[in-house]
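Before any comments, here is the structure.
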Amino acid sequence: MFMDLTIKLVISFFGLWAITFITGRKTLSQLTPLDFLTSLVLSEIVGNTLYDDQVKVTHLIFALAVWTALAYLFEKATTRFVKFGYVAEGRVALLIDNGIVNQSLMKKYDIEFKQLLSMLRKQNVFSLQEVKHAVLEIDGSLSVLRKPEYEPPTAQDLGLETQSDNFAITVIDKGELLKKSMRGSRIDMDKVRKEMQKQGYDNIKDIAYAEYCEDGSLYIIPRK
C-alpha cells in the first residue's frame with residue numbers, strides 16, 4: 001500500500017511539474033479562468049487517486065496525460081487564433097474613458113462603485129476625478145492612466161503645459177485586424193488602414209502587432 005502511494009505521489013509531483021512547463025509558466029496575477037479550472041481539476045485528479053486503491057498508477061498517468069493534452073491544445077488554440085482567444089479568455093474592458101465612467105460595462109461585469117474605488121486606491125488613486133482611463137484586465141485587475149494634472153509631481157505645481165500620455169489600443173495581432181479588442185472603445189478602422197499604408201504596409205499579414213493611439217498615430221511591429 002505504502003509503495004503504491006509513494007509511486008502515485010512521485011508521478012503526481014513530476015506530472016504537475018511537467019504540466020506547468022508544457023502549458024506555460026505564469027504568475028498568479030496572469031492566471032486566466034481556464035488556468036484556474038485546470039488547477040482545480042488537476043487537484044481533484046491527484047487527490048482522488050492517491051487514496052483510492054482501485055485507481056491504479058496507470059489510471060493516474062492516463063488522466064494526467066489526457067488533461068495535459070487538452071490544456072496544451074486549448075492554450076495553443078487561444079494563442080494561434082486570436083479571435084478564439086478573446087472568446088475563450090475574454091477581453092479587456094474600458095471602464096473609464098476620458099474621465100467618463102462606462103456604467104453599462106460596470107453593470108455587465110457586476111462591479112459596484114465601491115469596488116471600483118477600492119481597485120483605484122490600490123493604484124494610489126483616491127478619486128474618480130483623477131482618472132482619465134481605467135482598463136479592467138482579463139485577470140480582474142485594474143490598469144489606470146491618470147489625468148496629466150494629477151500625475152506626481154503635477155504639471156500645475158510646476159507651471160508647465162499639460163500634455164496627456166497617449167492611450168493605445170491593440171488593433172492588429174498576428175496579422176489579424178481586431179475591431180473589438182477592447183470593450184467600450186471605438187476605432188475608425190479606415191484610419192488604421194490609411195496609417196498602415198502611409199508606413200508602407202499594404203498587406204495586414206505583414207504586421208505582427210499594431211496599436212492605435214488616441215492622437216491618430218499607429219505603432220507597428222513587422223512580422224519576421
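Restricting attention to region 94-114, does a residue exist that is under 20 Å from D139 (Cβ atoms), among the aliphatic types (A, V, I, L, M) and loosely packed, with under 12 Cβ neighbours inside 10 Å? Looking through region 94-114, none of the residues is under 20 Å from D139 (Cβ atoms), among the aliphatic types (A, V, I, L, M) and loosely packed, with under 12 Cβ neighbours inside 10 Å.
Residue-level check: of (1) of a type in the set (D, E); (2) at pLDDT 90 or above; (3) farther than 30 Å from C213 by Cα, D52 misses just (2). For beta carbons closer than 9 Å, sequence separation of 6+ or different chains, a first residue in region 45-72 that is more than 12 Å from A18 (Cβ to Cβ) and open to solvent by 30 Å² or more (accessible area, probe 1.4 Å) and a second that is at pLDDT below 75 and of a type in the set (G, A, S), the qualifying pairs are I45/S12.
Restricting attention to region 159-186, the residues that are closer than 28 Å to M106 by Cα, modelled with pLDDT of 75 or more and open to solvent by less than 40 Å² (accessible area, probe 1.4 Å) total 9.
Count of region 201-224 residues, restricted to those that are out of contact with any Gly (no Cβ under 9 Å at 6 or more places or on another chain), in a loop (DSSP other than H, G, I, E, B) and open to solvent by 60 Å² or more (accessible area, probe 1.4 Å), is 4. Among the residues that make up region 134-145, is at least one of them at pLDDT 90 or above, assigned to a strand (DSSP E or B) and among the polar types (S, T, N, Q)? Yes, region 134-145 has at least one match.
The values are calculated or read from the model by the stated rules, or taken from the named source; none is laboratory data. These numbers come from a predicted model, not from an experiment. Counting neighbours? That spans all protein chains shown, and the Cβs are built from the backbone with ideal geometry, glycine included. These area figures cover heavy atoms from the full protein model, side chains too; ligands, DNA and RNA do not enter into them. Shrake-Rupley method; radii C 1.70, N 1.55, O 1.52, S 1.80 Å.
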